[in-house]
1. Take the range 198-209 and flag every residue that is crowded, with 19+ Cβ neighbours inside 10 Å and touching a helix residue (DSSP H, G or I) at 6+ places or on another chain (Cβ under 6 Å).
2. Would you list the strands (runs of 3 or more DSSP E) that sit entirely within the range 10-96 and hold 1 or more residues that are among the hydroxyl-bearing types (S, T, Y) and free of Cβ contacts under 8 Å to residues at least 40 places away in the same chain?
3. Of all residues in the range 206-234, count the ones that are in contact (Cβ under 8 Å) with a residue 40 or more places away in the chain, in contact with a strand residue (DSSP E or B) (Cβ under 9 Å, 6 or more places away or on another chain) and within 23 Å of R317 (Cα to Cα).
4. Go through the residues of the range 97-105 one by one and say whether even a single one is among the β-branched types (V, I, T), in a loop (DSSP other than H, G, I, E, B) and either buried (at least 16 other Cβ atoms within 10 Å of the Cβ) or without any contact (Cβ under 8 Å) to a residue 12 or more places away in the chain (or both).
5. Would you confirm whether any residue within the range 128-143 is under 28 Å from R43 (Cβ atoms) and without any contact (Cβ under 8 Å) to a residue 12 or more places away in the chain?
6. Got a sec? Which of V128, V147, V93 is surrounded by 14 or more Cβ atoms within 10 Å (Cβ to Cβ) and under 30 Å from I20 (Cα atoms)?
7. From the list L59, L28, exactly one residue is under 29 Å from R325 (Cβ atoms) and among the aliphatic types (A, V, I, L, M). Which is it?
8. Residues of the range 307-324 being among the polar types (S, T, N, Q) and touching a residue at least 60 places away in the same chain (Cβ under 8 Å), which ones?
Amino acid sequence: MALLPVSEATNRLLAHATPIEAVDAISLGEANGRVLAADLGARLTQPPFHASAMDGYALNAADAPSIGSELTVIGTAAAGHAFDGAIGKGETVRIFTGAPLPDGADSILIQEDAEKLEGDRIRTKFEVVKGRHVRPRGQDFAEGETVLPAGTLVDFSHLTVAAAMNHPELSVYRRPRVAILATGDELVPPGATPGAAQIIASNTFGVSALVRDNGGEVLDLGIVRDRPEDITAAIDKARTAKADVLVTLGGASVGDHDLVQSTLKAAGMELDFWRIAMRPGKPLMVGALGDMHVLGLPGNPVASLVTSLLFLEPLIRKLAHLPERHREVQGITAHRLAANDQRQDYLRAKLTRDRDGNLVAEAFGKQDSSMMKIFAHSDGLIIRPAHAPELPAGAPCPILLIRP
């Protein structure tokens, strides 16, 4: 099978992905970062009454036609404690922010503009304007009004208005379930003592974090040995859990010890493609096992992370009804870049700004796909298209942001 260009591989992967329509009803406190599955309408009107926006005096503007008008204070209204009655001609009620306006009142004279007189009398020191400092009933929203449409990605502001609309729970789309399987006799978990020919398994943690950051749930299938029966048992766990995506880490090539692809085919996987014209990340595998997407990522840590950004992230976001995340920006190179071969390169780089505000990318000298430290210290990936000519320092170049 010929090497597939990155853009074609992405299009083919996403063409088979359909957003998940299953719905969860969850409490308001758990809904941050979820996507609404239905329009959210107001269950009440807000504010539910004409309310004072300031501390002062509630009155009828007609009773204070000019500065120096005098009124009689007949009671008090505070938030949560309405004045029980109505004001008559020449009367006013001492009122505090958030309190309902008494019947007969249409304006607020703020307390700084009122002069207290003897007894229960005040005199206006400032012009009273009808309706000033009053929050009308329904100013924010009205009962039955659709405030948040389906498809809204819920954040702190949406949670606030949803609570105000009297919704204790929300209907949201189910998160994509992503099963992650690491394979290899050489792998041991963090905290273990590796043998003479073993290394610490690290890919699962970075890939899992990316899944969660993009709205997915992780089912960690752990590390399995390079034996078909062990790989098959892990695949069965993913199927039983009704995972939407199975991500395998390592073993997707066709070497004598690369058993993932053959085992998945034996389990019924339909292989769409593998081997991408990119570096790092050529041995990428894409297929389907029934309704479950299968994405086989390379075992080298950096290749695993780069392919996760390029393929796993957009897949999960489409399944989760989330908008596409645009990581690609334009910058300039800090130094000369050599001409490229037939594979699209992703060069780890530090990013800075020059005096003109241009994003300047300085590629690290070492780009081996096993070097995690360099990836952790990188801000972006310089994209070098297949067969790109040599670039001089200062030339424009596309950059994939690692941390948008």
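The values are calculated or read from the model by the stated rules, or taken from the named source; none is laboratory data. None of these values were measured; they are calculated from a predicted model. Reconstructed Cβ throughout: ideal geometry from the backbone, glycine too, with neighbour counts over all protein chains shown.
1. Selection gives N203, V207.
2. Output list reads 70-77, 91-95.
3. To start, the set of residues in the range 206-234 that are in contact (Cβ under 8 Å) with a residue 40 or more places away in the chain comprises 206-207, 210-211, 214-226, 231, 234.
Of the ones still in play, those that are also in contact with a strand residue (DSSP E or B) (Cβ under 9 Å, 6 or more places away or on another chain) are 207, 211, 215-226, 231, 234.
Next cut, within 23 Å of R317 (Cα to Cα) only: 207, 211, 215-221.
Total satisfying the criteria: 9.
4. There is no residue in the range 97-105 that is among the β-branched types (V, I, T), in a loop (DSSP other than H, G, I, E, B) and either buried (at least 16 other Cβ atoms within 10 Å of the Cβ) or without any contact (Cβ under 8 Å) to a residue 12 or more places away in the chain (or both).
5. No: zero hits.
6. Unique residue meeting the criteria: V147.
7. Result: L28 is the single residue among L59, L28 that is under 29 Å from R325 (Cβ atoms) and among the aliphatic types (A, V, I, L, M).
8. S308
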